[in-house]
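Single-structure report; data block below.
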Amino acid sequence: MRYLAPLVCGLWITQGALCAQESDRVEARFRALEEQIRMLQAEVQSLQAALAGNSAPGTSQISIANQSPDSGQNSATNQSSETSQSQAAAQPVATAPAGAATPVGGPSTLPVYGGAAAASKVLNPDIGVVGNFIGSVGRNPENPFPSLALREAEFSFQAIIDPYARGDFFVSMGANGAEIEEGYLTFPALPGGFSLRVGRMRADFGKINALHDHVLPWLDRPLVTFNLLGGDPTDTDAGIKDEGMSISRILPSPRGLFLEGTAEVYAGNSGSLFTATKHSDVSNIDHLRAYHDFSESTNLELGGSYARGYNNLGPGFTTQLFGTDATLRWKPLRRSIYRSFNARAEVDWSRREQPATTLAAHGFFASSEYQFARRWFAGVRLDWSQHAQQPTVHDSGESAILTFWPSEFSQIRAQFRRTNYAQGFVANELLFQFQYSLGAHGAHPF
């Protein structure tokens, strides 16, 4: 018992000392927090003063004037970086927009994105150019390729207009002059889950017709495009294209299956296929697409198409087209940059009304493409097609294709093409292509 009293006193004294130390630490932390609050208040006041100075009359005009309307996105970003750095050097306080974080130790010297760079792009669309230089060795009097030529330069102008609409324009320039390849306005979120496009478009018939030339896995289009879909051999981008409206919707389907239906109405003028002689001679095209994933690497797409319009014989004579297409894709996730495989096939039927008779013709193509290295692709294609106005004769052909991609912005391709024409002659040709892309370019249809 004689040691208990000193022990209790020692514990009491130690606890008091610890409590005093803890109180001192809490008080010191409170003082540090108060000091930080005062510093933050001073910094906020400085930022408000700087923003008020930047919003003075003429400041925004000077910033916009520094941005050249003809400069690309990269130059706009560089100018924004230089402007931000010069402002940071001239003012000791950061002039970043409200809400931007300033690193400890002083204002950032990095470009302020979302400022001048974003403002300069508000009224400017994404602009891109695709160059398609081709050449050929051999002779083909039916569908000739030039020995050397810049076959096409396609200019694209694309932008989101507002949260409810998007605009896309594609201008094609070639040896025959310039034309609007496509130019349409898209409303992607209409009531009921519908999507609407209006303007000049490539019709949604089959799988290949809607694709531009530079997206194709070959240099040319299949024979069935020229013989049944009204393509002109001298047209660099043959197929069904016209001014009209297209409405589509994702349809209810079983689990694991994707269904999309499309209905289109056009003015009724598309090459030698459809010719409108009066206001009501419109053409209509319908397409149903089904898609299914077999695994994470393999998928299959099937499509059915129908088209109807008036042909060049005048009112009362129509041409109907029926088509079915299939696309099989294989792309393993772990080796996707080195190995892939695509197989495509399409069969089309034509029913052309003429005085006292109806001409029936059909044609098809089948192709495959295999990626055997990171930048190398090899493929083959088979063609067979009757003529819409002469079903008793047909053309056939075989092609072998080798493609090298130096990067995603350039492509080199060679194609050996052998064609047996109905006139009785055989054309053997070696075609080659150099293709390159500049500027922004949107994603292509899957």
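The values are calculated or read from the model by the stated rules, or taken from the named source; none is laboratory data. Just so you know, these numbers come straight off a predicted model, no measurement behind them. Note: ideal-geometry Cβ built from the backbone for every residue, glycine included; neighbour counts use all protein chains shown.
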For Ile160, state whether it is β-branched (Val, Ile, Thr), exposed (fewer than 14 other Cβ atoms within 10 Å of the Cβ) and in a strand (DSSP E or B).
yes
Pull out all pairs, ordered by first then second residue, where Cβ-Cβ is under 7 Å, the residues are six or more apart or on different chains, the first lies in segment 189-215 and is among the β-branched types (Val, Ile, Thr), and the second is modelled with pLDDT of 95 or more and surrounded by fewer than 23 Cβ atoms within 10 Å (Cβ to Cβ).
Val198/Tyr184; Val198/Leu185; Val198/Met245
Yes or no: segment 274-296 includes at least one residue that is in a strand (DSSP E or B), touching a residue at least 60 places away in the same chain (Cβ under 8 Å), of a type in the set (Gly, Ala, Ser) and in contact with a Gly (Cβ under 7 Å, 6 or more places away or on another chain).
no
Give just the number: which of (1) farther than 30 Å from Glu301 by Cα; (2) touching a residue at least 24 places away in the same chain (Cβ under 8 Å); (3) of a type in the set (Ser, Thr, Tyr); (4) surrounded by fewer than 18 Cβ atoms within 10 Å (Cβ to Cβ) does Ser147 not satisfy?
(2)
Kindly check whether there is at least one residue in segment 299-309 that is at pLDDT below 95 and among the hydrophobic types (A, V, I, L, M, F, W, C).
no
Scan of segment 393-413 for residues that are more than 15 Å from Ser368 (Cβ to Cβ) and exposed (fewer than 15 other Cβ atoms within 10 Å of the Cβ), ordered by number
Val393, Phe404, Pro406, Ser407, Glu408, Phe409, Ser410
Gly309 in a strand (DSSP E or B), of a type in the set (Gly, Ala, Ser) and free of Cβ contacts under 8 Å to residues at least 24 places away in the same chain:
no
Scanning segment 327-350 residue by residue, those in contact (Cβ under 8 Å) with a residue 12 or more places away in the chain and either touching an Asp or Glu at 6+ places or on another chain (Cβ under 6 Å) or surrounded by fewer than 16 Cβ atoms within 10 Å (Cβ to Cβ) (or both) turn out to be Thr327, Pro332, Leu333, Ile337, Tyr338, Asn342, Glu346
